[in-house]
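Undergrad: Starting off with a structure, shown below.
The values are calculated or read from the model by the stated rules, or taken from the named source; none is laboratory data. Computed from a prediction, not measured in an experiment: that's the story for all the values here. Cβ placement follows ideal geometry from the backbone for every residue including glycine, while neighbour counts extend to all protein chains displayed.
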Protein chains: 2
Amino acid sequence: MRTRITGLATHDIRFPTSLELDGSDAMNPDPDYSAAYVVITTDAADGLEGHGFAFTIGRGNDVQAAAITALEPYVVGRDLESTMDDLGAVWKEMVHDSQLRWLGPEKGVMHMAISAVVNALWDLKAKREGKPVWELLADLTPEQIVELVDFRYLTDAITPGEALAILRRAEAGRAERKAELLNTGYPAYTTSPGWLGYDDAKLRKLCREAVAEGFKQIKLKVGADLEDDIRRLRIARSTVGPDIRIAIDANQRWDVSTAIAWVRELAAFDPWWVEEPTSPDDVLGHATIARAIAPVRVATGEHVQNRVVFKQLLQTGAISYLQLDAARVAGVNENIAILLLAAKFGVPVCPHAGGVGLCELVQHLSMFDYVAVSGSVENRVIEYVDHLHEHFVDPVRVAGGHYAAPTAPGFSATMRPDTLTRFAFPGGPVWSAGGRRSAS
Amino acid sequence: MRTRITGLATHDIRFPTSLELDGSDAMNPDPDYSAAYVVITTDAADGLEGHGFAFTIGRGNDVQAAAITALEPYVVGRDLESTMDDLGAVWKEMVHDSQLRWLGPEKGVMHMAISAVVNALWDLKAKREGKPVWELLADLTPEQIVELVDFRYLTDAITPGEALAILRRAEAGRAERKAELLNTGYPAYTTSPGWLGYDDAKLRKLCREAVAEGFKQIKLKVGADLEDDIRRLRIARSTVGPDIRIAIDANQRWDVSTAIAWVRELAAFDPWWVEEPTSPDDVLGHATIARAIAPVRVATGEHVQNRVVFKQLLQTGAISYLQLDAARVAGVNENIAILLLAAKFGVPVCPHAGGVGLCELVQHLSMFDYVAVSGSVENRVIEYVDHLHEHFVDPVRVAGGHYAAPTAPGFSATMRPDTLTRFAFPGGPVWSAGGRRSAS
């Protein structure tokens with residue numbers, strides 16, 4: 001009997017994180033971390049569901065949820081087997097739909113909506129195959145992986161043939177790397193010490209704890225006030241010592257010349273990279289900054305809208321670290337394209353995480369990269385922020401400065417049922433009870 | 001007594017244009033031209049309303065409308081006088097709102113929503129002052145104009161001081177140019193002959209009519225099939241003769257190398273510019289194409305998401321013509337920034353129009369540019385498409401290949417009340433009556 005996709009339900013889930021100033025930076029003073037969450041159901045006897053989400057920081061999460069709902073006709077009613085067998089085709093159908101495309105193209109709310117749906121379909125596929133997503137991907141042949149990618153607008157930087165060659169080169173050693181991953185995990189760095197809203201004592205304490213916990217890299221938010229940044233970087237450097245890498249993150253605060261001048265002022269504290277020094281749309285600006293502040297490196301990606309912008313950041317040599325995001329570009333398929341581009345240009349991928357559930361997602365992408373694409377963890381670290389993991393059924397496990405490889409089937413994307421009830425906006429008890437200020 | 005903004009109402013308006021293949025091109029085979037329409041009301045005694053809209057091509061117009069609705073708290077309740085007196089501040093409040101910003105930043109659905117609201121506020125301001133928007137803007141001092149612009153992320157290309165110098169240089173002759181505009185209008189070109197869905201006989205007939213009507217430039221859609229394009233360009237060139245400019249428009253269909261090869265095949269027909277040869281996000285790609293196909297020129301802009309991407313297109317010399325869009329970037333204020341950038345780099349602005357109401361809006365921007373910014377109409381033409389103007393209270397008037405300068409107060413953005421009823425989606429009679437296929 002043929003089985004079908006029978007339902008697509010969206011949830012507006014918001015956490016009142018602004019009350020604690022977790023996640024505060026130079027551009028985002030009071031985020032309420034939120035998820036426009038999607039659940040895809042089928043009429044298969046296994047009862048399995050695909051879960052996915054777009055991450056936002058509060059207001060507008062309803063708009064993001066509406067965009068996911070608008071994708072229902074593209075998903076519901078599809079034959080389940082053939083859909084699961086060709087997720088590349090589903091991706092192209094949604095991304096290249098001429099009418100939806102006008103709303104981007106391939107950027108912003110509509111692209112993030114496609115991301116949520118594509119990732120939910122991957123979650124479902126992995127659950128059905130009884131594997132975590134990273135392993136599911138890493139077990140595909142190079143030909144199958146290339147099939148998942150849309151090379152439109154990329155062929156001046158990477159062709160399908162070049163992608164195939166990269167993947168074939170990485171075939172040797174796949175089994176050893178998989179075993180190593182299951183044994184020792186994947187290196188992480190922590191952003192938890194460095195939020196702008198924290199006072200110096202809290203910064204010092206969290207730096208000390210990060211080193212004790214085994215992290216080799218931490219990250220500090222910068223960009224609001226230069227004197228504050230100098231003081232905080234001095235505290236951090238003196239606390240962690242010379243051998244721990246300290247990344248700094250300006251969250252798009254600066255114009256090009258300000259970025260250059262500001263980073264030079266901080267260079268004495270040996271920052272490993274500066275992240276998002278200016279607009280994520282400014283490829284040339286990033287390249288100019290990178291040339292001016294070397295040997296400090298530039299990293300960006302959490303707000304890079306799609307593979308076409310990543311392509312240009314690589315073509316211009318603007319970034320030394322590529323920070324893909326699991327839920328801003330259009331999901332797994334587009335991130336495979338981005339991993340292949342990074343491999344072609346020899347740039348390490350260090351994913352953006354944090355927020356709600358982004359750690360849960362990106363670990364799968366980095367682990368797939370290690371086993372089947374780049375074949376390396378050199379200079380590669382996954383961001384780790386210790387927020388909101390308790391809301392997930394299969395939360396990340398980070399210990400000794402490493403992400404443990406997930407073993408449960410799926411994309412680690414499934415939120416606990418009581419979270420979907422309690423944090424529903426605006427009707428859930430967390431929001432409708434008195435005392436919380438509205439996020440809307 | 002203080003007056004306030006008291007209401008923001010949105011309408012999902014769709015026209016079943018796909019039935020006639022008007023608007024068909026290589027990427028958009030069956031658009032249903034649509035507007036996510038907004039009406040801003042006040043408690044002022046004059047009863048004036050501000051009207052604005054985002055243009056989409058069908059599916060997803062509901063998502064666009066939801067994004068506009070999400071802006072209601074930023075507008076309703078504001079003091080009317082102080083809001084009208086500082087539209088630059090309102091722009092910054094919405095564009096830089098940290099939570100909404102996460103949904104872009106400054107791109108896609110949320111940015112287009114801000115565009116609709118900002119333009120509606122300009123419509124209201126112009127109606128209150130009894131002037132068309134172009135004249136309202138052209139009567140401001142250089143200092144007042146610079147105040148409207150946010151220079152964030154632009155200062156490596158243009159500073160407020162440079163902008164002021166450009167505007168001061170254009171102060172001489174403002175009155176003469178305004179008089180000339182009212183007398184002879186602004187040059188137009190027509191896209192009506194060139195839609196891909198039209199047969200050769202219709203193409204030939206429309207080319208002949210365009211010349212007879214006084215147009216000096218026409219545009220043909222290309223990019224679906226090379227042999228077809230060669231045949232259609234041959235027909236067009238032989239019909240219009242050597243002195244009429246023929247622009248070609250690929251609507252983002254090609255990768256970089258395909259664009260170069262394809263345009264070289266068409267070069268024999270002397271195309272004036274090639275529009276949207278590849279992804280609107282690919283600044284470097286456009287620059288590569290421009291170098292390879294010279295002397296054919298590159299034009300783009302209708303899908304360029306914001307001023308930061310326009311900045312780079314200018315910095316790299318990728319475009320010879322800048323095609324701003326009135327309702328994709330964040331409205332009048334951002335388009336003033338773009339006009340200033342273009343003037344700084346000496347690149348003529350030839351706005352994108354067509355769709356629903358885009359001709360009505362962009363005429364104001366080009367006329368303001370002529371009077372107060374660039375001071376020139378040389379090599380400048382506004383796109384004209386003869387679609388759907390009958391739905392507007394103050395439609396464009398094009399004759400003799402020129403746009404007549406609008407004289408009615410406002411932004412020419414107000415749709416006829418019966419249009420808002422008849423074409424409401426999905427409940428209006430045009431859609432709920434049998435025989436129309438659903439756009440959703």
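Undergrad: Please go through segment B:1-26 and pick out each residue that is surrounded by fewer than 24 Cβ atoms within 10 Å (Cβ to Cβ), at pLDDT below 95 and touching a Ser or Thr at 6+ places or on another chain (Cβ under 6 Å).
TA: Passing the criteria: none in range.
So that you can scan it fast, the table gives a plain yes or no per residue for (1) more than 30 Å from B:Asn306 (Cβ to Cβ); (2) more than 14 Å from chain B (Cβ to nearest Cβ):
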| site | (1), (2) |
| --- | --- |
| A:Val222 | no, yes |
| A:Asp225 | no, yes |
| A:Ser238 | yes, yes |
| A:Ala250 | no, no |
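Undergrad: Taking into account only those residues within segment B:79-133 that are of a type in the set (Val, Ile, Thr) and under 30 Å from A:Ile68 (Cα atoms), which is farthest from the chain's Cα centre (by Cα)? Walk me through how you get there before you give the answer.
TA: Going residue by residue through segment B:79-133, those that are of a type in the set (Val, Ile, Thr) are B:83, B:90, B:95, B:109, B:114, B:117-118, B:133.
Then keep just the ones that are under 30 Å from A:Ile68 (Cα atoms); that gives B:90, B:95, B:109, B:114, B:117-118.
Values: B:Val90: 21, B:Val95: 19, B:Val109: 16, B:Ile114: 15, B:Val117: 15, B:Val118: 14 Å.
Top of the filtered list is B:Val90.
Undergrad: Now a separate question. Run down A:Gly346, A:Gly400 and say which single residue is more than 11 Å from the chain's Cα centre (by Cα), free of Cβ contacts under 8 Å to residues at least 24 places away in the same chain and farther than 23 Å from A:His51 by Cβ. Write out each step before concluding.
TA: On the way: A:Gly400 fails: free of Cβ contacts under 8 Å to residues at least 24 places away in the same chain.
Unique residue meeting the criteria: A:Gly346.
Undergrad: Please verify whether segment A:146-163 includes one or more residues that are more than 22 Å from the chain's Cα centre (by Cα), surrounded by fewer than 21 Cβ atoms within 10 Å (Cβ to Cβ) and aliphatic (A, V, I, L, M).
TA: So far as segment A:146-163 goes, no, none of its residues is more than 22 Å from the chain's Cα centre (by Cα), surrounded by fewer than 21 Cβ atoms within 10 Å (Cβ to Cβ) and aliphatic (A, V, I, L, M).
Undergrad: Working only within segment A:295-327, note down all residues that are in a helix (DSSP H, G or I) and either among the polar types (S, T, N, Q) or outside the structural domain of A:Asp369 (by TED's automatic domain parsing) (or both). First the steps, then the outcome.
TA: To start, the set of residues in segment A:295-327 that are in a helix (DSSP H, G or I) comprises A:307-315.
Matches in segment A:295-327: A:Gln312, A:Gln315.
Undergrad: While we're here: Specify which of the listed residues (B:Glu383, B:Glu378) is crowded, with 21+ Cβ neighbours inside 10 Å and not in a helix (DSSP H, G or I). Quick ask: steps written out before the conclusion?
TA: Values: B:Glu378 fails: crowded, with 21+ Cβ neighbours inside 10 Å.
Unique residue meeting the criteria: B:Glu383.
Undergrad: Working carefully through the options A:Thr41, A:Thr83, find the one that is touching a residue at least 60 places away in the same chain (Cβ under 8 Å), on the phi < 0 side of the Ramachandran plot and hydroxyl-bearing (Ser, Thr, Tyr). Before you say what the answer is, go through the steps one by one.
TA: Working: A:Thr41 fails: touching a residue at least 60 places away in the same chain (Cβ under 8 Å).
Result of the check over A:Thr41, A:Thr83: A:Thr83.
Undergrad: Can you tell me which residue within segment A:167-178, out of those that are more than 18 Å from A:Ala342 (Cβ to Cβ) and under 24 Å from the mean Cα position of the chain (by Cα), is surrounded by the most Cβ atoms within 10 Å (Cβ to Cβ)? Walk me through how you get there before you give the answer.
TA: First pass over segment A:167-178, keeping only residues more than 18 Å from A:Ala342 (Cβ to Cβ): A:171-176, A:178.
Subset that is under 24 Å from the mean Cα position of the chain (by Cα): A:174, A:178.
Values: A:Arg174: 15, A:Lys178: 19.
Per the criteria, the residue is A:Lys178.
Undergrad: Among the residues of segment A:382-396, how many are over 20 Å from A:Asp25 (Cα atoms) and in contact with a Ser or Thr (Cβ under 9 Å, 6 or more places away or on another chain)? Write out each step before concluding.
TA: Looking only at segment A:382-396, we keep the residues that are over 20 Å from A:Asp25 (Cα atoms), and these are A:389-396.
Imposing the further condition that a residue be in contact with a Ser or Thr (Cβ under 9 Å, 6 or more places away or on another chain) reduces the set to A:390-396.
Here the count works out to 7.
Undergrad: Something else now. Would you tally the residues in segment A:256-288 being within 13 Å of chain B (Cβ to nearest Cβ), out of contact with any Gly (no Cβ under 7 Å at 6 or more places or on another chain) and either under 28 Å from A:Met112 (Cα atoms) or among the basic types (Lys, Arg) (or both)?
TA: Initial filter on segment A:256-288 (within 13 Å of chain B (Cβ to nearest Cβ)): A:256-261, A:276-288.
The next check asks that each one be out of contact with any Gly (no Cβ under 7 Å at 6 or more places or on another chain); those that pass are A:257-261, A:276-277, A:280-286, A:288.
Still in the list and also either under 28 Å from A:Met112 (Cα atoms) or among the basic types (Lys, Arg) (or both): A:276-277, A:280-286.
Of the residues in segment A:256-288, 9 are within 13 Å of chain B (Cβ to nearest Cβ), out of contact with any Gly (no Cβ under 7 Å at 6 or more places or on another chain) and either under 28 Å from A:Met112 (Cα atoms) or among the basic types (Lys, Arg) (or both).
Undergrad: While we're on this one: Where residues in segment B:244-295 are touching a Lys or Arg at 6+ places or on another chain (Cβ under 6 Å) and touching a residue at least 40 places away in the same chain (Cβ under 8 Å), which of them is surrounded by the most Cβ atoms within 10 Å (Cβ to Cβ)?
TA: Only one residue fits best here, namely B:Asp249.
Undergrad: Another question, then. If you scan segment B:66-87, which residues turn out to be within 9 Å of chain A (Cβ to nearest Cβ) and either in contact with a Pro (Cβ under 7 Å, 6 or more places away or on another chain) or not in a helix (DSSP H, G or I) (or both)?
TA: Going residue by residue through segment B:66-87, those that are within 9 Å of chain A (Cβ to nearest Cβ) are B:66-67, B:69-70, B:73.
Passing the criteria: only B:Ala70.
Undergrad: Might you let me know whether segment B:321-344 holds any residue that is buried (at least 21 other Cβ atoms within 10 Å of the Cβ), among the aromatic types (Phe, Trp, Tyr) and at pLDDT 95 or above?
TA: Keep residues of segment B:321-344 that are buried (at least 21 other Cβ atoms within 10 Å of the Cβ), which gives B:321-343.
Add one more test, that the residue is among the aromatic types (Phe, Trp, Tyr), and what stays is B:321.
Of the ones still in play, those that are also at pLDDT 95 or above are B:321.
So far as segment B:321-344 goes, yes, one or more of its residues are buried (at least 21 other Cβ atoms within 10 Å of the Cβ), among the aromatic types (Phe, Trp, Tyr) and at pLDDT 95 or above.
Undergrad: Kindly provide the set of residues from segment A:143-195 that are small (Gly, Ala, Ser) and part of a strand (DSSP E or B), ordered by number.
TA: First, the residues of segment A:143-195 that are small (Gly, Ala, Ser): A:157, A:161, A:163, A:165, A:170, A:172-173, A:175, A:179, A:185, A:188, A:192, A:194.
The answer is A:Ala188, A:Ser192, A:Gly194.
Undergrad: Does segment A:204-232 hold any residues that are aliphatic (A, V, I, L, M) and either surrounded by fewer than 22 Cβ atoms within 10 Å (Cβ to Cβ) or closer than 22 Å to A:Glu378 by Cβ (or both), and which are they? Give the derivation first.
TA: Looking only at segment A:204-232, we keep the residues that are aliphatic (A, V, I, L, M), and these are A:206, A:210-212, A:218, A:220, A:222, A:224, A:226, A:230.
Of everything in segment A:204-232, those that are aliphatic (A, V, I, L, M) and either surrounded by fewer than 22 Cβ atoms within 10 Å (Cβ to Cβ) or closer than 22 Å to A:Glu378 by Cβ (or both) turn out to be A:Leu206, A:Ala210, A:Val211, A:Ala212, A:Ile218, A:Ala224, A:Leu226, A:Ile230.
Undergrad: Next question, about the same structure. Only one of A:Asp97, A:Asp139 is without any contact (Cβ under 8 Å) to a residue 40 or more places away in the chain, outside the structural domain of A:Leu48 (by TED's automatic domain parsing) and either within 15 Å of A:Val332 (Cα to Cα) or not aliphatic (A, V, I, L, M) (or both); which?
TA: A:Asp139
Undergrad: If I ask for residues that are among the hydroxyl-bearing types (Ser, Thr, Tyr) and either at pLDDT below 95 or in a helix (DSSP H, G or I) (or both), which ones from segment A:277-294 would you list? Lay out the reasoning, then the answer.
TA: Our first condition is that a residue be among the hydroxyl-bearing types (Ser, Thr, Tyr); within segment A:277-294, this holds for A:278-279, A:288.
A:Thr288 - this is the single residue of segment A:277-294 that is among the hydroxyl-bearing types (Ser, Thr, Tyr) and either at pLDDT below 95 or in a helix (DSSP H, G or I) (or both).
Undergrad: State yes or no: is B:Glu72 surrounded by fewer than 18 Cβ atoms within 10 Å (Cβ to Cβ) and touching a strand residue (DSSP E or B) at 6+ places or on another chain (Cβ under 8 Å)? Give the derivation first.
TA: Working: surrounded by fewer than 18 Cβ atoms within 10 Å (Cβ to Cβ): yes; touching a strand residue (DSSP E or B) at 6+ places or on another chain (Cβ under 8 Å): yes.
The answer is yes for B:Glu72.
Undergrad: Residues to consider are B:Val109, B:Val90, B:Val63, B:Val118; find the one that is crowded, with 24+ Cβ neighbours inside 10 Å, assigned to a helix (DSSP H, G or I), modelled with pLDDT of 95 or more and more than 14 Å from chain A (Cβ to nearest Cβ). Quick ask: steps written out before the conclusion?
TA: Numbers: B:Val109 fails: more than 14 Å from chain A (Cβ to nearest Cβ); B:Val90 fails: crowded, with 24+ Cβ neighbours inside 10 Å; B:Val63 fails: more than 14 Å from chain A (Cβ to nearest Cβ).
B:Val118 is the lone residue from the list that is crowded, with 24+ Cβ neighbours inside 10 Å, assigned to a helix (DSSP H, G or I), modelled with pLDDT of 95 or more and more than 14 Å from chain A (Cβ to nearest Cβ).
Quick grid of which residues meet (1) more than 14 Å from every other protein chain (Cβ to nearest Cβ); (2) out of contact with any Cys (no Cβ under 8 Å at 6 or more places or on another chain); (3) assigned to a loop (DSSP other than H, G, I, E, B):
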{"site": "A:Thr6", "(1), (2), (3)": "yes, yes, no"}
{"site": "A:Ala9", "(1), (2), (3)": "yes, yes, no"}
{"site": "A:Ser18", "(1), (2), (3)": "no, yes, no"}
{"site": "A:Ala26", "(1), (2), (3)": "no, yes, yes"}
{"site": "A:Asp30", "(1), (2), (3)": "no, yes, yes"}
{"site": "A:Ala35", "(1), (2), (3)": "no, yes, no"}
{"site": "A:Asp46", "(1), (2), (3)": "yes, yes, yes"}
{"site": "A:Phe53", "(1), (2), (3)": "no, yes, no"}
{"site": "A:Gly58", "(1), (2), (3)": "no, yes, yes"}
